[in-house]
Amino acid sequence: MIILNGKKFAENDKEFTSSVFDSGGTCVGYYKKYKCKIKLFNMQKKYIGVINAYGVLCHVSRLDNGKMWYCLMTIPEIGEYKSYSESRKDIETLILYRKRERCYYKN
């Protein structure tokens, strides 16, 4: 489970349902970790955001032509951070190591 701005994201359905009983709160979505990025999904498993290889939280939306658009925008499921440095503090806890500016995340 990862927590961004106090909102929980589960890795799978089992973790999603167990979070209600274990920690007393519900998850707002799911995540999938890759070597250099973390994809974020809402409860309906729609792709909503990504933490990219440089450790930046980006909003994702689908364009009319089917391509994805990535931008620095507030993700509704996460909410607005007080500052950019606050978002960086949350993301730093997820990083395993850095190599030439790229972030590699814990699995």
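The values are calculated or read from the model by the stated rules, or taken from the named source; none is laboratory data. What you see is a predicted model, and the numbers here were worked out from it, not measured in a lab. Neighbour counts are summed over all protein chains in view; Cβ atoms, including those assigned to glycine, are modelled from backbone coordinates with ideal geometry.
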| remark: Taking first residues from segment 87-107 that are under 12 Å from ASN5 (Cα atoms) and second residues anywhere that are modelled with pLDDT under 85 and among the hydrophobic types (A, V, I, L, M, F, W, C), the pairs with Cβ under 6 Å that are 6 or more apart or on different chains are none
| task | Scan PHE41, PHE16, PHE9 and give me the residue that is touching a strand residue (DSSP E or B) at 6+ places or on another chain (Cβ under 8 Å), surrounded by 15 or more Cβ atoms within 10 Å (Cβ to Cβ) and assigned to a helix (DSSP H, G or I). | result | PHE16
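Are any of the residues in segment 23-34 in a strand (DSSP E or B), free of Cβ contacts under 8 Å to residues at least 60 places away in the same chain and among the hydrophobic types (A, V, I, L, M, F, W, C)?
Yes, because at least one residue in segment 23-34 is in a strand (DSSP E or B), free of Cβ contacts under 8 Å to residues at least 60 places away in the same chain and among the hydrophobic types (A, V, I, L, M, F, W, C).
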| note | Filtering segment 52-76 for residues that are out of contact with any helix residue (DSSP H, G or I) (no Cβ under 6 Å at 6 or more places or on another chain) and either part of a strand (DSSP E or B) or closer than 22 Å to LYS14 by Cβ (or both) leaves a count of 9
| message | I'd like to check something: does segment 78-86 contain any residue that is part of a strand (DSSP E or B) and surrounded by 13 or more Cβ atoms within 10 Å (Cβ to Cβ)? | response | no
